[in-house]
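Heads up, the thing below is written out as structure tokens.
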Amino acid sequence: NNGNSNNNNMSPESLRLAQEKRRTKMLLYLLAFCCAGLLGKQTTGLQGLTVQNGLATNRKSSRFLPESKQGKMNEDDEQPSIGLYVPSLDYRVKGVSQYVPDANFEAHVYCKEYAKDLKWEWWKADMKIKTQRGNKKRRLKGGTDKDQQVTSSKKKNLQKRLLIGVYAGYDGYAKLLEQAVWSARVYGKIWGDNVTVVTLQGESFSPNGCKAPEAHTTLNKIRLLFHAVDHRDEYDQVLLLDADAFVYNMDVDITSLLSDDRYLLGAQAIPGAHKKDVWNIHSGVTLWNLHHPKMASVAVDWFEAAKQAVVDETYNGDQEFLQNALRTHLQWQRRDEKQQPMVLNFQNQEFDYAQGTVVKQFIKDSAKAGTQLSDRLEQMKDAASSICATHARACSNVIPPQYETS
């Protein structure tokens, strides 16, 4: 009643002004409420991106990755992925639509320095070298490149189809990459059509297209492994090599090292590791059985753990995450006594660093002299000379590749 009596005592002009004031206040409250909701949705949807003046920047960290997309069909592939598609961020981000499907605005990601294009290069005996920049991967096509034709006599045949994957960034390791890829191709010339060599240069997981720390290039081997698993109708095994690794023994069928299909992978144990800790391996050279039932789950666990470290800005290398993935699966396996061990630790120095009898790796050792890039490059060249002394014809038919350095 008091409110009504007060309104009755007000002049028409005062009453109109009061009503407009109340309406304005209500509109302001409503506008503030709506804006708060939209901003909250934006912050969550963009996974930490804040959009101002057309630029998308990260509130907390510039290094994060989107979630894996399950069952995505890769362009130029004839069959669907088995659910191991890894979203590569080598492309320049022109918008945020890959993070927020319903976003209707574009934003450009600010980077102090951009990552260079990711480069895939495919090689197979009697076929043209196929180079592809970016995220798309195309199949090999037959060619008549005289420089790449085989002129040697009848080749040997591997027991199984082997993919050799080698990777590096655009740093000084690119020169070591040239030697590593050359050795893999010479091996392919000798062993024939069952060997395919793929080279991946760049950063598969560069955050938002920005240049990442050099350590992030080791994520390329996971990317190579995912491709191999998605195409295991074409390959039986994949040999993953760091850029400082070198296929040395051209007379050994590498696939025979993992002839027992019970094993998921074979690798060199870390020096001093307990015999029971078969998971404690060196990840610089690994040979994988692509048809093992645990292949996909171990690969995904390896990727997810490494990806989280990138998000947390604690990533310094892939090895510990592979070891953890293997240890977890081995613990599950021990509950069933009928299961056989998944990991084969080579006992005859097959992958034993610089002493390796099949594959050598010239790693950096801060405690020893002669392990800088230039010294390791010379060691690889000496190994190449040793190979060509006994396989001159194969060496003469492989043109040493050249890769870009920053």
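Out of all the residues in the stretch 236-253, which are closer than 26 Å to H216 by Cβ and in a loop (DSSP other than H, G, I, E, B)?
The answer is D242, A243, D244.
Residue-wise test of (1) part of a loop (DSSP other than H, G, I, E, B); (2) β-branched (V, I, T); (3) closer than 23 Å to S204 by Cβ.
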site	(1), (2), (3)
E234	yes, no, yes
L257	no, no, no
G272	yes, no, no
K275	yes, no, no
V278	yes, yes, no
H282	no, no, yes
P293	yes, no, no
S297	no, no, yes
D301	no, no, yes
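Can you find even one residue in the stretch 360-372 that is at pLDDT below 90, open to solvent by less than 30 Å² (accessible area, probe 1.4 Å), β-branched (V, I, T) and under 21 Å from L177 (Cβ atoms)?
Yes, because at least one residue in the stretch 360-372 is at pLDDT below 90, open to solvent by less than 30 Å² (accessible area, probe 1.4 Å), β-branched (V, I, T) and under 21 Å from L177 (Cβ atoms).
If I go through the stretch 264-295 residue by residue, how many of them are over 15 Å from Y353 (Cβ atoms), over 21 Å from the mean Cα position of the chain (by Cα) and surrounded by fewer than 16 Cβ atoms within 10 Å (Cβ to Cβ)?
Qualifying residue count for the region: 4.
Confirm whether L377 is closer than 30 Å to R262 by Cα and either modelled with pLDDT of 90 or more or crowded, with 19+ Cβ neighbours inside 10 Å (or both).
Answer is no for this residue.
Being under 29 Å from K189 (Cβ atoms), of a type in the set (A, V, I, L, M) and surrounded by 20 or more Cβ atoms within 10 Å (Cβ to Cβ) narrows it down to one of L239, L322, L326, so name that one.
None of the other options fit; the residue is L239.
For the stretch 301-318, how many residues are open to solvent by 40 Å² or more (accessible area, probe 1.4 Å) and aliphatic (A, V, I, L, M)?
Residues in the stretch 301-318 being open to solvent by 40 Å² or more (accessible area, probe 1.4 Å) and aliphatic (A, V, I, L, M): 1 in total.
The values are calculated or read from the model by the stated rules, or taken from the named source; none is laboratory data. The structure displayed is predicted, hence computed values, not measured ones. Note that each Cβ is placed from the backbone with ideal geometry, even for glycine, and that neighbours are counted across all protein chains shown. Just the protein is used for accessible areas: all its heavy atoms, side chains included, with ligands, DNA and RNA removed. Shrake-Rupley method; radii C 1.70, N 1.55, O 1.52, S 1.80 Å.
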